[in-house]
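What follows is a single structure, written as C-alpha cells, with notes after it.
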Amino acid sequence: FVDTPEFYQRLIGLNPPIDDYIGFKIATGMELETLITCSDGSYDPVLQTGSHGWIISETDRNVLAQGAGPTDGNPSTLSSYRAELGGLLAILYTIYRICQHYQVTSGKVSYYCDNKGVLSNVFSPRTPSISQFLHTDSDLVMEARHLITLLPVTILSGWVKGHYTGDN
C-alpha cells in the first residue's frame, strides 16, 4: 500500500492496518470464499460532513482489517449515499491491491451494506448512457464499477437492515 494514490489513502486511512500476515489471510479468505466485508456511511446535514467505516473479516467473525475515512466532495452535495460509496471503494481497492500482491486468480467475497441504492447502482448491470454521468456521485459509482471489472474475484453483494430497533 506504499504507492496508494492519495484518493484511496483518504478512504482507507493513511496507515492501512494490513501487514504481510493479514494480507495473506485476506487473500486466502478470498480463495476459500470465507471473506466477509461490510461498510457503512454517515452524514451530518447540519455540519455538512460525512464519513464511512469499513471492515474485512472471516466467517468466524475474526476481524482482519478495518478503517474509516472522510467523505470528500462539495458540501452542498454530500449525503449518506456518498459516504456509503466511500466505504465500498475502500474495500474494493483493498481487495484489488491484495489480489495483485498475492496473485489471487479466483474466489468470492461477500459485501454487505444498508444502502439499497449503492448496491443497485454499483452491482446491477446497466447499459451505459450519458445521463448516468449527470447524477450526483456518478464519479464514485463509476470508480466502484471500474474496480469490480479489475478484480479476479466475484463480489457477492447483500443488503442488511441498518438502524435496527427491536427486542433482538
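Quick check on the chain: helices-only [θ] at 222 nm, where DSSP H runs of length 4 and up contribute -39,500 (n - 2.57) each and the sum goes over total residues. Nearest 500, please.
Details: 5 runs with 64 residues, N = 168.
Calculated mean residue ellipticity at 222 nm is -12000 deg cm²/dmol.
Rounded to the nearest 10 degrees, what's the angle between the helix 138-150 long axis and the longest principal axis of the chain, both from Cα atoms, 0 to 90?
So the helix axis and the longest Cα principal axis differ by about 20 degrees.
Could you tell me how far the Cα centroid of the range 9-26 sits from the Cα centroid of the range 68-86, in Å?
22 Å
Between SER138 and ASP19, what is the label-to-label distance in nm when each label sits 7 Å out along the Cα-to-Cβ direction?
4.5 nm
Between SER157 and residues 5 or more places away or on another chain, which pairs have amide H atoms under 5 Å apart, with H built 1.01 Å from N, and which residues are they?
Counting only residues 5 or more places away or on other chains, the set is TYR111.
Please report the net charge: other residues with Cβ closer than 10 Å to the Cβ of GLY29, K and R +1, D and E -1. Write out the running numbers ahead of the final one.
Working: positive: LYS25, LYS108; negative: GLU31, GLU33, GLU58.
Local charge sum for GLY29: -1.
Return one number: the angle in degrees, 0 to 90 and rounded to the nearest 10, between the long axis of the Cα atoms of helix 80-102 and the longest principal axis of the Cα atoms of the chain.
Rounded to the nearest ten degrees, it is 20.
Against the longest alpha carbon principal axis of the chain, how many degrees, from 0 to 90 and to the nearest 10, is the axis of helix 20-32 turned?
90 degrees
Assign unit charges at the C-beta atoms only (+1 for Lys and Arg, -1 for Asp and Glu), then state the dipole size of the chain relative to its Cα centre in Debye, rounded to the nearest 20.
Details: 10 positive and 17 negative charges, 73 e Å.
Rounded to the nearest 20 debye, it is 360 debye.
Among the lysines, select those whose C-alpha is under 23 Å from the C-alpha of LYS25, and discard any that sit fewer than 8 residues away in the same chain.
Answer for LYS25, where 23 Å is the Cα cut-off: LYS108, listed by chain and number.
Taking LYS116 as the anchor, which aspartates and glutamates have their alpha carbon closer than 19 Å to its alpha carbon, excluding any fewer than eight residues away along the same chain?
Of all the aspartates and glutamates, those that pass the test against LYS116 - Cα under 19 Å, at least 8 places apart if same chain - are ASP40, GLU84, ASP137, ASP139, GLU143.
Bear in mind these aren't lab numbers, they're just calculated from the coordinates by the rules spelled out. All values reported here derive from a predicted model rather than from experimental measurement. Ideal geometry is used to build each Cβ from the backbone, glycine not excepted, and the neighbour counts take in all protein chains shown.
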